[in-house]
Amino acid sequence: MADMLVHEKAYRGEALMRKMTVLKIAVCGAGAVGSNLVDNLSRQGYGSFTVIDFDRVEKHNIPTQVWNSRECGMYKAAVLKNRVYLSSGGVVTEVLHRLDDKNVKKYLGDAGLVVDGFDNSASRKVVADFCHAAGKDCLHVGLAKDYAEVVWNERYRVPRDVVAQDVCEYPMARNTILLAVAVASEVITRYVATGDKRDYAITLGDFKVETI
């Protein structure tokens, strides 16, 4: 694994890479945000994830997420477990259940960092409320058309669900997702390195990444 991460290690330094390897990250949702984020973080050197998602891969997920056509019908979290192991040697614990008030402590309680990538307000509220009450660091990554935001729980406000159609049919640019994932990945790494918590807004139309 060390040889695979030679470039990242040269850039980050061995001390930070050791912190990245042992940090336990719970990722809520394995869709556009979660699947791409776990894939990206694991290739940076993060080695331990819990991925919470009970959905299966569908054909329309392929353009915006990390799957291929052979993985249709499989559980997203289970596919990520295999992908991360093969690409980086990282470990994913898959949770194939809906997160709710009754099980949130069980699945998020021992995480060193929680990342919320859910696509609905009810689930986001479960995560936000638990992390606030438990004093657990949590980063929310949200997408809407050509806009994305990366916000720490201290300043996060759960949005209302305003989408009339199925969330899978909602307009979304792939490059918005990739920009959000890149920003979130760097926000997480700077947090691990220094404890810094900075919020960002990303807009694809004018190609801006700004602190908020």
Original post:
Can you name every residue in segment 1-55 that is small (Gly, Ala, Ser) and at negative phi?
Top reply: Ala2, Ala10, Ala15, Ala26, Ala30, Gly31, Ala32, Gly34, Ser35, Ser42, Gly47, Ser48
Original post:
Filter segment 177-199 for residues that are touching a residue at least 60 places away in the same chain (Cβ under 8 Å) and more than 12 Å from the chain's Cα centre (by Cα); which is farthest from Leu139 (Cα to Cα)?
Top reply: Ala193
Original post:
Among the residues of segment 124-163, which ones are closer than 25 Å to Gly47 by Cα, among the small types (Gly, Ala, Ser) and in a helix (DSSP H, G or I)?
Top reply: Ala128, Ala134
Original post:
Mind checking which pairs have a first residue in segment 74-86 that is under 12 Å from Arg43 (Cβ atoms) and a second that is at pLDDT 95 or above and not basic (Lys, Arg), Cβ under 6 Å, 6 or more apart or different chains?
Top reply: Val84/Ser42; Val84/Gly90; Val84/Val92
**OP:** Consider Tyr107 carefully, then state whether it is without any contact (Cβ under 8 Å) to a residue 12 or more places away in the chain, surrounded by fewer than 23 Cβ atoms within 10 Å (Cβ to Cβ) and not polar (S, T, N, Q).
**Re:** no
**OP:** Would you please name the residue that is nearest to Gly195 (Cα to Cα), looking only at residues in segment 147-170 that are modelled with pLDDT of 95 or more and of a type in the set (D, E, K, R)?
**Re:** Glu154
**OP:** Scan segment 1-48 for residues that are touching a Gly at 6+ places or on another chain (Cβ under 8 Å) and of a type in the set (Ser, Thr, Tyr) and report the count.
**Re:** 4
Original post:
Got a sec? Which helices (runs of 4 or more DSSP H) wholly within segment 1-105 have at least 1 residues that are within 14 Å of the chain's Cα centre (by Cα) and closer than 26 Å to Ala134 by Cβ?
Top reply: 32-44, 76-88
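The values are calculated or read from the model by the stated rules, or taken from the named source; none is laboratory data. Keep in mind that what you see is a predicted model, and the values were worked out from it rather than measured. Neighbour counts run over all protein chains shown; Cβ positions are idealised from the backbone, glycine included.
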